[in-house]
Each structure stands twice: as structure tokens, then as C-alpha cells.
Amino acid sequence: MRTSSELVDIQLPNVREKHRNQHGTYNDEQGVTHPREVYPGQTLFMTRRVSERRFFLRPDKQTKQLVDYCLAEAAIKHKIEVHGYLVMSNHIHLDVTDVEGNYPRFMRRFLQHVAKCVNSLRGRWEAMWSNERSSVLRLGDAKSIIDKMAYTLANPAAAGLVDSCRHWPGASSWVAMMNGGVIKAKRPEWFFDPDGNMPAEVTLKLTVPPAIDMSWQAWVGAVAGRVRDLEERYAARRLRDGTRILGRRAVLKQSPWDKPKGHEPKRGMKPRVACKDKWRRIAMLQRSKAWLQQYRAALVSYRAGNRSVVFPWGTWQLFVERHVVCAAR
């Protein structure tokens with residue numbers, strides 16, 4: 001095993017060089033992912049998909065228990081404020097605020113525990129999550145935050161599975177939001193060692209996002225109203241198209257090994273920010289572009305052997321794994 005000091009001197013793999021174009025910049029559309037800025041205080045909308053879109057997260061009681069427990073435990077440990085979430089049969093949506101700039105550690109712990117629990121539950125060993133990394137959207141204003149919260153909670157209705165999130169049997173923040181915002185979950189004894197270091201029970205308090213200047217009651221009302229609007233729109237669409245919902249009972253009867261029919265579009269746009277305010281959105285994108293340019297310049301210097309080069313504030317992975325120098329906030 002290499003020590004931390006040894007890791008600093010390892011040459012970073014030159015995975016991006018083959019995508020450099022004649023202008024000296026990079027063709028990111030070639031499939032190479034961007035580095036991500038990680039700042040404390042960001043409100044984020046995150047999505048993680050299951051491998052091959054299979055229904056390994058079928059919303060039975062055990063899956064609900066393990067997701068509630070793993071989410072609450074990881075959020076408490078890494079100081080993540082959870083505003084809302086919903087687990088579909090083949091993906092997860094989270095609406096959170098990263099208080100200390102720690103969301104990669106939170107996601108790693110949460111997703112690892114969920115995958116191990118689900119694999120134990122389903123009697124499988126392979127990777128559970130898609131090889132695509134999690135989608136992470138930075139939310140820039142109150143309207144975007146409310147819209148993404150409503151999108152999260154109305155997802156089962158959008159997919160034609162149930163007519164309302166009230167009827168979704170899986171893990172969701174909806175019931176807790178309607179009842180004071182407290183989520184309690186017991187440790188899944190069929191997976192975690194009762195004599196281990198995982199708590200027997202966890203309690204998570206949902207919060208109002210920092211960018212939302214509302215009381216808890218007003219926040220819940222605003223989100224519930226937007227969810228109701230979306231569900232009514234989906235109901236009207238079903239009526240127009242002559243389709244019906246699948247229904248809660250049929251959802252629970254689905255095999256975890258099944259997956260949706262048809263193919264999901266690939267290689268589409270992958271936005272990194274969401275903001276209804278046009279000028280604020282432009283400012284966020286400009287800051288992100290400037291950050292990326294600074295990061296790439298520092299990376300070129302670092303690869304050339306300059307270990308004292310200063311990376312922009314918000315560099316996370318290289319700071320944690322390679323101990324690079326980062327600018328002050």
C-alpha cells in the first residue's frame with residue numbers, strides 16, 4: 001500500500017491528452033468527464049442510476065428501510081442537509097445542501113452502503129450502480145430549488161407508476177415533510193452487524209434550503225403546490241393519450257431483475273447548473289468556465305513536476321488524494 005507522501009509523487013494518468021484539439025483546449029464531448037467544483041454551502045440536485053436500469057431498488061419494505069437508514073447515517077456523518085429525496089426502482093433523486101464541501105464523501109458512503117445492502121437482499125455480487133458517475137446539478141435560486149424538489153417527489157407520477165407521490169411505496173421524503181420533517185430508520189439487521197459501529201437507529205431532520213427565505217410550513221406548502229401542479233399535468237397527459245397508471249400493487253410485483261422496455265437516450269446534454277434567473281445562471285456558468293480554465297492550467301503545471309502550483313479553490317479530488325495546494329476562498 002502506498003503512503004500519502006508516495007501518492008503525491010505519482011504522475012497523473014494522461015487520459016485527456018488524446019482529446020486535445022489543435023487550439024490547445026480539450027474536446028469534452030469526446031466522453032471525458034469534467035472535474036467538479038466542490039464548495040461548502042451549495043444546494044445540489046443529485047441523481048444516481050442503477051446498472052442496466054434494472055429494478056434492484058424495487059420499493060419493497062426492506063429497500064425502503066435500508067435507503068432511509070443509509071441516507072440518514074451518511075448525511076449525519078458528513079454534515080449534509082437533506083431537503084428531499086425519492087427512490088425509484090432504478091434510480092435515486094436527492095435534494096441536499098453540502099454544508100462543509102463534503103458531498104463526494106457523503107455520496108460514496110451512502111451509495112456503497114446501499115449497494116452492499118441491496119446486493120445482500122437480492123443475492124447478487126456484481127456492481128449495482130451504473131458506470132456513469134452521479135449527476136450533480138448546482139441550484140442557483142429559489143425557483144430552481146422548488147422545481148427540482150417537486151420534480152423529485154412527482155417522479156413516480158411522471159413515469160406513470162402511481163397517480164400521486166402519496167401512493168408511492170418506496171423511500172421518499174414526502175410523508176416526513178407532511179409530518180414535521182423527521183425521518184427515523186432502524187438499522188437493517190439482516191445486513192449490518194448488531195455489534196458493529198453502525199447505530200441501531202438514526203434520526204434525520206429535513207431542512208429548508210438556505211436559499212429559501214421561508215418557514216418550514218411555507219416551504220412545505222410551496223413544494224406541495226408545485227407537486228400537485230405536476231401531478232395534475234401528468235394526469236391530463238394520460239387522459240389525452242388514453243394510458244393508465246401501472247399501480248402500486250403491480251410495481252411491487254415487478255422482478256428486481258426486470259428493466260424498462262425500450263432504450264434510454266445516451267450522450268445527451270449534461271447540465272451542471274440550474275437557475276431560473278437568466279443573469280445569475282450566466283454568472284454561474286462564467287465562474288464555472290473560469291474555474292475550469294484555472295484548474296486545467298494548474299494541472300498542466302502539476303504534471304510537468306511543479307508540486308507547488310496552486311489549484312483554484314473548489315478543487316476536491318486532487319486536494320484529498322494528492323494533497324495539492326489550493327487557493328484560499
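No value in this document is a laboratory result; all are computed from the given coordinates. Just so you know, these numbers come straight off a predicted model, no measurement behind them. So basically every Cβ, Gly included, is an ideal-geometry build from the backbone, and we count neighbours across all protein chains shown.
Which order do the peptides 172-183, 249-260 take when ranked by the mean count of other beta-carbon atoms within 10 Å per residue, highest first?
Top of the packing list down: 172-183, 249-260.
So, how do all the Cα-to-Cα distances of the chain break down into 10 Å bins, in percent, from 0 on up?
5, 22, 31, 25, 13, 3, 0
Hey, how many Å between the Cα centroid of region 161-238 and the Cα centroid of region 247-293?
20
If neighbour count is taken as other Cβ atoms inside 10 Å, put CYS70, CYS275 in order from fewest to most.
Ascending number of Cβ neighbours within 10 Å: CYS275, CYS70.
Anyone know which of MET269, MET149, MET88 comes out most mobile in the 10 Å Cα GNM of the chain?
MET269
Using the C-alpha atoms of region 34-139, what convex hull volume per residue, in cubic angstrom, is computed?
So the per-residue hull volume is 92 Å³.
I need the shape label for region 269-321. Rule: rounded when a/c is under 1.5, else prolate if a/b > b/c, else oblate, with a, b, c from the alpha carbon gyration tensor.
Here region 269-321 falls in the prolate category.
Students often check this: by mean Cβ neighbours within 10 Å, which of 160-166, 197-203, 292-298 ranks highest, and how do the rest follow?
Ranked from most to least packed, the peptides come out as 160-166, 292-298, 197-203.
How big is D for region 82-191, in µm² s⁻¹ as a whole number, if Stokes-Einstein is applied with the Kirkwood radius of its Cα pairs at 4 °C and 1.567 mPa s?
83
Rank these for me by crowding, THR47, THR243, going from fewest to most other beta carbons within 10 Å.
Taking fewest neighbouring Cβ atoms as first place, the list is THR243, THR47.
Indicate the gyration tensor shape class of region 190-253 (rounded, prolate or oblate), computed on the Cα atoms with a ≥ b ≥ c the square roots of the eigenvalues: a/c under 1.5 is rounded; otherwise a/b larger than b/c is prolate and the rest oblate.
Taking the square roots of the gyration eigenvalues as a ≥ b ≥ c, region 190-253 is oblate.
Please rank GLU126, GLU132, GLU189, fewest neighbouring Cβ atoms within 10 Å first, as an exposure proxy.
Least to most surrounded, the residues fall as GLU126, GLU189, GLU132.
Can you tell me, using C-alpha contacts under 8 Å and at least 6 residues apart, the relative contact order of the chain as a whole percent?
The normalised contact order for the chain reaches 23 percent.
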